[in-house]
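Each remark here refers to the structure printed beneath this line.
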Amino acid sequence: MAELLFWPALLAYSEAAVAYAGNARRPGRAGRFATWGVRVGWLAQTALLGVQAERSDGFPWDTWAGSLDLFVWLVVTAYLFWGCRSRFRLLGLAVMPPAVGLLFAAWLGGATKTHVNDAYSSAFLALHVGLVLAAFAGFTLSAGLAALYLWQERRLKLHRAGGLLGRAPSLVTLDALEGRVVAFAVPALTGGIVAGFVRLRSHGGSVDALMIVTLVTWAVFAAYLVLRHGLGWRGRRAAYLVLAGFALVVVARLGLPLTHFA
Amino acid sequence: MNLLLVGISHRVAPVELRERVALDGDEAAALARELAAEGCEAVCLSTCNRTELYLAGGTAPDVAERAVAALAERAGLEEGRLRAVLYRLEDEAAGIHLFRVAAGLDSMVPGEGEILGQVRAAFEVGQPGPLLDRLFRQAIHAGKKVRTETAIAESPASVSSAAAALAEQVFGDLTGCRVLLVGAGKIGELAARNLGSRGAEIAVVANRSLEKAQELSGRFGGRAISLEELPTALAGIDVVLSSTSASGHVLTREDVARALRDRKGRPLFLIDIAVPRDLDPAIHDLDGCYLYDIDDLESVVAETLAGRRREAGRAEAIVLDEAERFRAWEASREVVPAIASLRALAEEIRESELDRARARLERLTEAERRAVEAVTSRIVDKLLHVPTVKMKEAAAGADGAVYADALRHLFGLGDDAASSRHPRQ
């Protein structure tokens, strides 16, 4: 059943990615096809996660591949809040192709198989993994917004903005959304880190490299919020900081199988 | 089709003539009522680029004559002079023309958006009957479709609208954005009005002559300052629009850099439409500052106009598709009454035969009687299904009227032009 739901999700996301590319070249119908692809794929993936949750005795996404599957769903969910608006379709081009790649990688890693890890309690996993992944999904989306901001800002600086007009969100909108998404993600990551450290303290264990990377990621995004609200860091500098933080998120995601699932 | 269009537009007449036949909303409504009183459907579309009368349902030559006479009378022109520039389109050509107009394809700037609202307004105050009602609704639908499915309307077509569109690309909705207008000339005022029409507030007007600044700021409801006060006025400003005749820069990079410190990262958009330029080009290098001069704006307009022309081909395809749908609907009007009469006749026969058999059917239970009713209904439906489909297919071609006549003749149906052709009251 999980396999049956996986393929429609992947197919719909792929269709959305291709349609977003078509829409970037020639806006119009392709953009609407893309939006519907995201919606249909999200519904299929939600059903897939629902089936996995229903069949599993514990937290079903405790493998690297499973967590990747959940991560993709969270990213697409966050994108769906804005992705249906025509001006955010360019953001879809930044979000959907990686989502397709990551979902396929999750399938290769066995994300659709039911797996129960006895080493961790379901409550801990739901809290720790759920919060950290939600935060990472938020950082991924904010990185997409930051990339779109920088690209658009460069076009405006080079006086090549003609093709942008009416097709992309404004700089101020992108910047504000980026700040809002980070403001949501940092508390989530804080909660996830606290849950992880509480367990580490009660069950024993040492701090590994991945935890340090995660802490540095937290520090970068927390600094972003402080600089933004305290010193008025906005625009290009803020976008570069978000991209730097996102690079750490990528390192953390890639390091996960080496430290937590080795 | 019995559809007629007489009109004048920027393609055939100079503005001196167009302005004389232009009608405001009330006059367009009154003329439509006047023509409708003669028993036809009428809608008058009048904009700065065109005045067109769409008529349907009357005897074509008379209606056209009356329309031309009415227009000439309102314009105070001799009919002959007006007739020389009027165009006249009938049936399918008139329909396609309206669809192209609604899509902005017949406008001076392809894809301009204002015309769709003007078509809708004309329809609302007009006197449409079944034909013009359908025609205008479908034209408005085609106009919307062209705007959503192509990028034809997404770009500005003038320097001032390009400036406003670029400001929107930086700030999004301009509502609440504060504009500093430097210079009290006409061009700057026009550009400022464009920003104002999108919600921006003309907060400050700066000019070498404070009196002129006060006069202009009074019209916008802003504050007047002298050019010397410019650097200090920048702190609360989002858009600077400059068009003075000064020979040097009225704002330097250093002035703006100082102001940026208090802006907490909020971007500043600067429009310099003066020649020689008012604003130091080095301002553009500052983080969060976007400076566009007249050449930059003109190149944006040129780029977007080229894009509009590219999109026009796609828009034409949509218009033709919608026009074909309208033509099919119009053609089906010829056969629908005949089909309805045939179905009514069949139903009448079925019911009368059931009545004749009622005595024999009384022995049946209620459920059995309902089954007999259902069986007879299904037989009628199945028998008439293929002829109905074939008739509609024929209507979509050119043979609708022939088939409808044949049907009436074969089944002895009466004259059934049932659809009302009276304009709405």
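The values are calculated or read from the model by the stated rules, or taken from the named source; none is laboratory data. Computed from a predicted structure; not experimentally measured. All Cβ positions, glycine included, derive from the backbone under ideal geometry; neighbour counts span all protein chains shown.
Among the residues in the stretch A:139-154, are any charged (D, E, K, R) and either within 14 Å of chain B (Cβ to nearest Cβ) or under 15 Å from the mean Cα position of the chain (by Cα) (or both)? Yes; the residues of the stretch A:139-154 include at least one that is charged (D, E, K, R) and either within 14 Å of chain B (Cβ to nearest Cβ) or under 15 Å from the mean Cα position of the chain (by Cα) (or both). If you check residue B:235 against the conditions, is it part of a loop (DSSP other than H, G, I, E, B), of a type in the set (Gly, Ala, Ser) and surrounded by fewer than 18 Cβ atoms within 10 Å (Cβ to Cβ)? Spelling it out, residue B:235 is indeed part of a loop (DSSP other than H, G, I, E, B), of a type in the set (Gly, Ala, Ser) and surrounded by fewer than 18 Cβ atoms within 10 Å (Cβ to Cβ).
Among the hydrophobic types (A, V, I, L, M, F, W, C), farther than 30 Å from residue B:314 by Cα and assigned to a helix (DSSP H, G or I), is that true of residue B:42? Taking the combined requirement at face value, the residue does not satisfy it. Scan the stretch A:30-41 and give yes if some residue there is surrounded by fewer than 24 Cβ atoms within 10 Å (Cβ to Cβ) and under 30 Å from residue A:127 (Cα atoms), otherwise no. Yes, that holds for at least one residue.
Quick grid of which residues meet (1) of a type outside the set (Val, Ile, Thr); (2) within 41 Å of the chain's Cα centre (by Cα); (3) modelled with pLDDT of 85 or more; (4) more than 30 Å from residue A:174 (Cβ to Cβ):
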| position | (1), (2), (3), (4) |
| --- | --- |
| B:177 | yes, yes, yes, no |
| B:195 | yes, yes, yes, no |
| B:229 | yes, no, yes, yes |
| B:241 | yes, yes, yes, no |
| B:254 | yes, no, yes, no |
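Okay, residues lined up against (1) surrounded by fewer than 19 Cβ atoms within 10 Å (Cβ to Cβ); (2) without any contact (Cβ under 8 Å) to a residue 60 or more places away in the chain; (3) under 20 Å from residue A:75 (Cα atoms):
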site: A:158; (1), (2), (3): yes, yes, no
site: A:161; (1), (2), (3): no, yes, no
site: A:177; (1), (2), (3): no, no, yes
site: A:210; (1), (2), (3): yes, yes, no
site: A:217; (1), (2), (3): no, no, yes
site: A:230; (1), (2), (3): yes, yes, no
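Do we find a residue being farther than 18 Å from residue B:153 by Cβ, more than 11 Å from every other protein chain (Cβ to nearest Cβ), among the polar types (S, T, N, Q) and surrounded by 15 or more Cβ atoms within 10 Å (Cβ to Cβ) anywhere in the stretch B:293-300? No, the stretch B:293-300 contains no residue that is farther than 18 Å from residue B:153 by Cβ, more than 11 Å from every other protein chain (Cβ to nearest Cβ), among the polar types (S, T, N, Q) and surrounded by 15 or more Cβ atoms within 10 Å (Cβ to Cβ).
Condition first: in a helix (DSSP H, G or I), farther than 21 Å from residue A:134 by Cβ, touching a residue at least 12 places away in the same chain (Cβ under 8 Å) and within 14 Å of chain B (Cβ to nearest Cβ). Can you find one or more residues in the stretch A:53-76 that meet it? Scanning the stretch A:53-76, I find no residue that is in a helix (DSSP H, G or I), farther than 21 Å from residue A:134 by Cβ, touching a residue at least 12 places away in the same chain (Cβ under 8 Å) and within 14 Å of chain B (Cβ to nearest Cβ), so the answer is no.
Listed here are the residues, each with its yes/no results for (1) within 14 Å of chain A (Cβ to nearest Cβ); (2) in a helix (DSSP H, G or I); (3) under 21 Å from residue B:333 (Cα atoms).
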residue: B:96; (1), (2), (3): no, yes, yes
residue: B:104; (1), (2), (3): no, no, no
residue: B:111; (1), (2), (3): yes, no, no
residue: B:115; (1), (2), (3): no, yes, no
residue: B:122; (1), (2), (3): no, yes, no
residue: B:136; (1), (2), (3): no, yes, yes
residue: B:148; (1), (2), (3): yes, yes, no
residue: B:152; (1), (2), (3): yes, no, no
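Here the stretch B:165-188 is the region considered, the condition is being in a helix (DSSP H, G or I) and more than 8 Å from every other protein chain (Cβ to nearest Cβ), and the residue that is surrounded by the most Cβ atoms within 10 Å (Cβ to Cβ) is B:167.
The residue pairs whose first member lies in the stretch B:259-273 and is facing another protein chain (nearest Cβ under 10 Å) and more than 15 Å from residue B:291 (Cα to Cα), whose second member is aliphatic (A, V, I, L, M) and surrounded by fewer than 20 Cβ atoms within 10 Å (Cβ to Cβ), and whose beta carbons are closer than 6 Å, counting only pairs six or more residues apart or on different chains, are B:262/B:235. Among the residues of the stretch A:234-242, is there at least one that is farther than 30 Å from residue B:111 by Cβ, more than 14 Å from chain B (Cβ to nearest Cβ) and not β-branched (Val, Ile, Thr)? No, there is no match, as no residue in the stretch A:234-242 is farther than 30 Å from residue B:111 by Cβ, more than 14 Å from chain B (Cβ to nearest Cβ) and not β-branched (Val, Ile, Thr).
If you go through the stretch B:53-69 and keep only what is at pLDDT 85 or above and either surrounded by fewer than 24 Cβ atoms within 10 Å (Cβ to Cβ) or of a type in the set (A, V, I, L, M, F, W, C) (or both), you end up with B:53, B:55, B:56, B:68, B:69. Looking across the stretch B:304-350 at every residue that is free of Cβ contacts under 8 Å to residues at least 40 places away in the same chain and within 14 Å of chain A (Cβ to nearest Cβ), the one that is nearest to residue B:379 (Cα to Cα) is identified as B:321. Residues in the stretch B:273-293 that are assigned to a strand (DSSP E or B), of a type in the set (D, E, K, R) and touching a helix residue (DSSP H, G or I) at 6+ places or on another chain (Cβ under 7 Å): there are none. Summed over the stretch B:1-31, residues that are surrounded by 14 or more Cβ atoms within 10 Å (Cβ to Cβ), under 19 Å from the mean Cα position of the chain (by Cα) and outside any helix (DSSP H, G or I) total 8. Among the residues of the stretch A:217-224, some residue qualifies, meaning at least one is within 14 Å of another protein chain (Cβ to nearest Cβ) and either out of contact with any helix residue (DSSP H, G or I) (no Cβ under 9 Å at 6 or more places or on another chain) or of a type outside the set (S, T, N, Q) (or both). Looking at residue A:199, is it more than 9 Å from every other protein chain (Cβ to nearest Cβ), surrounded by fewer than 24 Cβ atoms within 10 Å (Cβ to Cβ) and at pLDDT 90 or above? No.
For the stretch B:156-164, does any single residue satisfy the condition of being within 8 Å of chain A (Cβ to nearest Cβ) and out of contact with any strand residue (DSSP E or B) (no Cβ under 9 Å at 6 or more places or on another chain)? Yes, the conditions are met somewhere in the stretch B:156-164. Of everything listed in (1) among the hydrophobic types (A, V, I, L, M, F, W, C); (2) surrounded by fewer than 24 Cβ atoms within 10 Å (Cβ to Cβ); (3) touching a residue at least 24 places away in the same chain (Cβ under 8 Å), the single unmet condition for residue B:37 is (3). Against the criterion of being within 14 Å of chain B (Cβ to nearest Cβ) and among the polar types (S, T, N, Q), residue A:170 qualifies.
Filtering B:189, B:211, B:215, B:201 for residues that are touching a Lys or Arg at 6+ places or on another chain (Cβ under 9 Å), acidic (Asp, Glu), at negative phi and modelled with pLDDT under 90 leaves a single hit, B:189.
Of the residues making up the stretch B:202-221, those that are within 16 Å of residue B:243 (Cα to Cα) and assigned to a helix (DSSP H, G or I) are B:210, B:212, B:213, B:216, B:217.
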